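These notes concern the structure reproduced below.
The values are calculated or read from the model by the stated rules, or taken from the named source; none is laboratory data. What you see is a predicted model, and the numbers here were worked out from it, not measured in a lab. Every residue, glycine as well, gets a Cβ built from its backbone with ideal geometry; the counts of neighbours run over all protein chains shown. Quick note on the areas: whole protein, heavy atoms, side chains included, nothing else; ligands and nucleic acids left out. Shrake-Rupley method; radii C 1.70, N 1.55, O 1.52, S 1.80 Å.
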Amino acid sequence: EIGYDAEDIDHYEKSGYVMSGSRHARMNAVRIRKENQVYSAEEQRALALITLEEKQQKESALMSDFRTMLQEKQSKMTQVNKGKGGDE
């Protein structure tokens, strides 16, 4: 392109030639798009990991609640059975 004016370059590009300045801009656009795809994939992985951790915390809390409830019911059953056994 050195030595050509803007009109000549435009004429050549319209004819189908790819000038190095245009190629450079296209290559940068492609590179940026690919980088964005990589970042998106990394962000998706990070989000999935956070979601998994939150899910595990909820499940752990639920299991803890069930254990507490079970222990309370078992202690009540034990007290009721002790009371029945003492009456006989």
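Would you tally the residues in region 30-48 being more than 12 Å from the chain's Cα centre (by Cα) and of a type in the set (Asp, Glu)? Talk me through it step by step, then tell me what you get.
As a first pass, look at region 30-48 and keep what is more than 12 Å from the chain's Cα centre (by Cα): 30-38.
Right, trim to of a type in the set (Asp, Glu) and you get 35.
The total comes to 1.
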Q: Report, ordered by the first and then the second residue, all pairs with beta carbons closer than 6 Å, sequence separation of six or more or different chains, a first member in region 74-88 that is open to solvent by less than 100 Å² (accessible area, probe 1.4 Å), and a second member that is modelled with pLDDT under 85.
A: none
**Q.** Which listed residue is more than 33 Å from the chain's Cα centre (by Cα), at pLDDT below 75 and open to solvent by less than 80 Å² (accessible area, probe 1.4 Å), from Ser20, Ser15
**A.** Ser20
